[in-house]
Structures are given as structure tokens and as C-alpha cells.
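Structure, as C-alpha cells:
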Amino acid sequence: MTDAHKFIAIDGPAGSGKSSVSKAVARRLDYGYLDTGAAYRALAWHVLEGGADTADAEAVRSAASDFPLSQQLDPDDRRVLVGGVDVTDAIRDPRVSAAVSGVARVPEVRVQVNEIFRRMVAESAYPAVVVEGRDITTVVAPDAPVRILLTAAPEVRAARRAGELEGSNAAAVAEALHKRDASDSSVVDFLNAAPGVTVVDSTHLDFTQTIDAVLAVIERAFDAEKEPHHG
Ligand code: DC
């Protein structure tokens, strides 16, 4: 069962502010929060840990067939475990960031993780879950009552990412980010909104303004659902 009505679907590229905004929105509404990118990262970690390369699709498929992922939906518990190993910090490693596109590129793997996401949302006790990723509005939950594409100009995204990584060189961060976007967007299009998806452009918005903009979209969607239907 998809239970699409429980999804608040938010897609967008790296550095759009997606994760921090989604988390803040979930806290505000007492909803769950699911970072699907973390699951792809955990799978990439799992492949590397097994001594394989994520460019090897067969190795990726094999790692995915035995992928004991544990992820909480609590916006204040960001821990990710693979087979009991806490990989929360390890999955943010540049080594994993560089390898994760290889995992995200394998279609069977996407089908498999999407089922994990749908099950987690359906089985959760939360009334709704803010699910963020790249293909949540289009593939994972196209029937979700709220579907948002959070964007920002490329230079703003690169600057935000550079600010998150201590001591990193902004130009190198920008280059790595654009390389990953180019590779990832050839698999799923998260740079253009699908029909029915509301765009929130955070280029000129600060953190609080972005949260408010997303909350306003959610409120509008729920108000529209309550409106009596005519005809
Ligand atoms: O959001 P992030 O940078 O943590 O995502 C990690 C990788 O996973 C990124 O390369 C894109 C991929 N991804 C995806 O293909 N589909 C999703 N729903 C989420 C992430």
C-alpha cells in the first residue's frame, strides 16, 4: 500500500536547503521526517565497505539485496545504521558523496529503496511524513497531497554547501556539487517541476523565510482539500 496521503513530498538539488528546511517543517507540524538521500548514501557506504566499487552495477545490486538499513523518522534523531553499525557521520564523507551516484543510477535499486520508503511511511505512527529527495514528487509518491520542488540558483547552492563543510575550498565544493547534479539529474529530473508540483525558490530567501514559504504551500494544499467540491 502506498499511503500517499501521508507524504509531504519535497524534492530538490543539493544545497537547496532541502534537508534543514524539511526537518524544521516536520518539527513544526509534529510530522515525521525521512531523508531518502541518506538511504542512498548508506547503501553506497555498504558497497564500499564490502570492498566493491559503486561503478560496478552488479556489486551494487548484490549489496542492495542484503541491505539491513535502520533509519528513524524522528526529525531530531538523524541516526542511520547499517546492520547495527552507526554510519550517520560516515555517509557524509566525501568518499561516500563521490560514490553515491553510482548507486542511485541502478534502476532495480531505486525500485527496491522506494518500497522501503513507502513501507516506512505507511507503518509510521506519524499523521504525515516530510519525505525529501530527488524523485519523491514524481516517482515515490506522485499522488501526495503536497508536492514541492525546492530550488535555488546554482551559485547560492554551492556557497551554502561550502559553508557546511569546515575548511573546504568553495571552488572545489562548487565543482563537486555541479558534477553530482549533472550525473544525478540524468537519472531523475529534479531541476524542473513536474505538473502539479509547486516550486519554492530559496535563492533570495533566508532559512526562516524558506520554512514559512513551505509551510504556506502545505497549508494551502490542506485548505484546498477541505474545500467542498462542486459539480
Ligand atoms: O540529498 P543527498 O545529497 O544526501 O543525496 C545523496 C544522493 O542520492 C544524491 O547523489 C542523489 C541520490 N538520491 C536520489 O537519487 N534519489 C533520492 N530520492 C534521494 C537521493
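The values are calculated or read from the model by the stated rules, or taken from the named source; none is laboratory data. Since the model is a prediction, treat every value here as computed from it, not as a measurement. Here the Cβ positions follow ideal geometry from the backbone for every residue, glycine too, while neighbour counts run over all protein chains shown.
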Completion exercise
Over the range 1-32, the set of residues crowded, with 24+ Cβ neighbours inside 10 Å and under 10 Å from the mean Cα position of the chain (by Cα) is Ala9, Ile10, Asp11, Gly12, Lys18, Ser22
Problem - helices (runs of 4 or more DSSP H) (entirely within the range 72-186) containing at least 1 residues that are in contact with a strand residue (DSSP E or B) (Cβ under 8 Å, 6 or more places away or on another chain) and of a type outside the set (Asp, Glu) - result: 107-123
Practice task
Considering only residues that are polar (S, T, N, Q) and touching a helix residue (DSSP H, G or I) at 6+ places or on another chain (Cβ under 9 Å), look in the range 71-91 and name the one that is surrounded by the most Cβ atoms within 10 Å (Cβ to Cβ).
Solution key: Gln71
Problem - Hits in the range 14-46 (condition: of a type outside the set (D, E, K, R), away from the ligand (no atom under 13 Å from the Cβ) and assigned to a helix (DSSP H, G or I)) - result: Ala24, Val25, Ala26, Leu29, His46
Practice task
Look through Arg41, Arg110 and report the one residue that is at pLDDT 95 or above, surrounded by 18 or more Cβ atoms within 10 Å (Cβ to Cβ) and within 23 Å of His5 (Cα to Cα).
Solution key: Arg110
Exercise for the section: List every residue pair whose Cβ atoms lie under 7 Å apart, where the two residues are 6 or more positions apart in sequence or sit on different chains, the first residue falls within the range 132-154 and is under 15 Å from Thr36 (Cβ atoms), and the second residue, located anywhere, is part of a helix (DSSP H, G or I) and away from the ligand (no atom under 11 Å from the Cβ). Expected result: Val140/Arg118; Ala141/Ala4; Ala144/Ala4; Ile148/Val214; Ile148/Val217; Leu150/Val21
